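The values are calculated or read from the model by the stated rules, or taken from the named source; none is laboratory data. Computed from a predicted model, the values in this text were never measured in an experiment. Positions of Cβ are backbone-derived with ideal geometry, glycine not excepted, and every protein chain shown enters the neighbour counts.
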Ligand SMILES: [Zn+2]
């Protein structure tokens, strides 16, 4: 199974060597996914490591050269004056995607940078939902703030955490994107992926899966990916095993509800869990299964 959302924390000094990380991930059943670079200093300061973008890029590429199946995403603050140079350098250096957390800037103010990222053919992984940072960031992290991505042709992106707690807004945004592409085919071209990474707590998660899978606004089964928000400083095997088990059970329950009520709800594919934890992530990377 694949974990689409693994960080390198700027707050934790130690980092497991790649072979230890691989071993820990494997013991939770994870054999691939996304490793994100250290954040830029505008997100959070790291008192021990250089946060110059070239150093962050070099580190994530070197680390992932020893983690087969786990691929490098480069975290960019698109408001930095040399953002366009960072975008093209990272692409030609071999990253698999970009990471952006819009914590101090509106997504709408950076559409040119997102367009430059989309032009490389690589995906962008965004945070959505309340962010536990030290800025007044919620106006930039609500799902609705990402509606402007309609203006970026051919953008392929994921919105993480199902927009917690704005799940309804998130699902409707996904459905709106589908409608926009139907209304203006050839003009509006994008693909949004739904990153299930918590976020949404165990108390609300059943509702979230029901809203996502049974609402009937749009069928997202090919666009859902699964992740943990774990750190590769020290991968949390217990946490990963817990969420894998929890989500598999809940999705099974929702699938059963749809099967038992075919006149009420959309029918879900039998291989939904496999798609969510395996092949959908390849499609997000642009490597079509
Ligand atoms: Zn994260």
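Which residues, counting only those in segment 90-99, are part of a helix (DSSP H, G or I) and within 23 Å of residue 229 (Cα to Cα)?
Hit for segment 90-99 is 90, nothing else.
So which residues in segment 36-70 are buried (at least 22 other Cβ atoms within 10 Å of the Cβ) and farther than 16 Å from residue 127 by Cβ?
Hits for segment 36-70 are 53, 56, 57, 60, 64, 70.
Residue by residue through segment 17-28, note down the ones that are surrounded by fewer than 14 Cβ atoms within 10 Å (Cβ to Cβ) and either within 16 Å of the ligand (Cβ to nearest atom) or closer than 15 Å to residue 239 by Cβ (or both). Let's see the steps before the verdict.
Taking segment 17-28 first, the residues surrounded by fewer than 14 Cβ atoms within 10 Å (Cβ to Cβ) are 17, 19-20, 23, 26-27.
Passing the criteria: only 27.
Of 22, 30, which residue is in contact (Cβ under 8 Å) with a residue 40 or more places away in the chain and not in a loop (DSSP other than H, G, I, E, B)?
22
Name the pairs: first residue in segment 225-252 and within 22 Å of residue 279 (Cβ to Cβ), second residue crowded, with 18+ Cβ neighbours inside 10 Å and at pLDDT below 95, Cβ to Cβ under 9 Å, at least 6 apart or on different chains?
229/199
Name the residues in segment 238-289 that are part of a helix (DSSP H, G or I), in contact with a helix residue (DSSP H, G or I) (Cβ under 8 Å, 6 or more places away or on another chain) and more than 18 Å from residue 227 (Cα to Cα), would you?
Correct list: 253, 254, 255, 257, 258.
Taking residue 87, is it free of Cβ contacts under 8 Å to residues at least 40 places away in the same chain, more than 16 Å from the ligand (Cβ to nearest atom) and surrounded by 20 or more Cβ atoms within 10 Å (Cβ to Cβ)?
Considered against the rule, which asks whether it is free of Cβ contacts under 8 Å to residues at least 40 places away in the same chain, more than 16 Å from the ligand (Cβ to nearest atom) and surrounded by 20 or more Cβ atoms within 10 Å (Cβ to Cβ), residue 87 comes out as yes.
Sort through 9, 50, 14, 41 and tell me the only one that's within 16 Å of the ligand (Cβ to nearest atom) and either without any contact (Cβ under 8 Å) to a residue 12 or more places away in the chain or part of a loop (DSSP other than H, G, I, E, B) (or both).
The match here is 9.
Please name all residue pairs, on different chains or six or more residues apart, with Cβ atoms under 6 Å, provided the first residue is in segment 151-164 and is within 18 Å of residue 130 (Cβ to Cβ) and the second residue is within 12 Å of the ligand (Cβ to nearest atom) and modelled with pLDDT under 95.
So the pair list comes out as 161/199; 164/199.
Any chance you could count how many residues in segment 237-253 are buried (at least 18 other Cβ atoms within 10 Å of the Cβ) and in contact with a strand residue (DSSP E or B) (Cβ under 7 Å, 6 or more places away or on another chain)?
1
Within segment 214-229, which residues are on the phi < 0 side of the Ramachandran plot and in a loop (DSSP other than H, G, I, E, B)?
First, pick out the residues of segment 214-229 that are on the phi < 0 side of the Ramachandran plot: 214-215, 217-228.
Residues satisfying the conditions are 215, 217, 218, 219, 220, 221, 222, 223, 226, 227, 228.
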